[in-house]
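Only one structure is covered here, and it is reproduced in the block below.
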Amino acid sequence: MRQKRQKARLPARAGMAAWAGMALCLPLLVSPALADPAAVARGEKVVEEWCRDCHVREGQKLTADMAPPYSAIVAIDGRDRAWFEAFLEADHFPMTTFRLFDHEKADVVEWLLDLQKKTK
Ligand code: HEC
């Protein structure tokens, strides 16, 4: 019984430390990048080149063989920098042939966050 209780307490403490760490890092990571219009513009170019075969433009009709517009994607709760970064790192069916360089991924994230700011 005693042991069980002690074990249960550990993850909670680790979680607190992680949150404290994130709270310290987040403002440093986020603020300068958000204000970079050049990155946003580069991200838009990448999206135009690689993503528009499937993703409809905002306001365009969504058909069965097309993917949702980015305005809908960024409007979903929880779509923050971390989510987009993780998404772009992962292989995502049906985007099987989609391979971006790291700097392109970073620019696309800036573009998505900028779109989110404009549409929310
Ligand atoms: C071959 C077609 C195709 C291409 C090319 C493509 N996508 Fe997609 N994408 C889809 C489909 C279909 C979905 C919706 C289904 C899903 O969420 O799995 C989607 C969904 C997404 C989502 C939202 C996923 C979610 O869970 O809501 C993001 C973000 C995204 N795509 C980003 C991109 C970016 C960035 C590019 C270009 C670098 C790209 N896609 C290129 C087909 C494509």
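Values quoted throughout were computed directly from the atomic coordinates according to the rules given, and no laboratory measurement underlies them. Fair warning: this is a prediction, and the values are worked out from it, not measured in the lab.
With a/c under 1.5 counting as rounded, go ahead and sort segment 37-119 into rounded, prolate or oblate using the C-alpha gyration tensor (a ≥ b ≥ c being the square roots of the eigenvalues; past the cut-off, prolate if a/b is larger than b/c, else oblate). It is rounded, given that a/c, with a ≥ b ≥ c, falls under 1.5. In this structure the amide hydrogen of Ala67, modeled in the peptide plane, comes within under 5 Å of the amide hydrogens of His55, Val56, none closer than 5 places in sequence on its chain.
If a/c stays under 1.5 just call it rounded; otherwise compare a/b with b/c (prolate if a/b is bigger, oblate if not). Do that for segment 55-102, with a ≥ b ≥ c from the square roots of the Cα gyration tensor eigenvalues.
Cα axes put segment 55-102 in the oblate bin.
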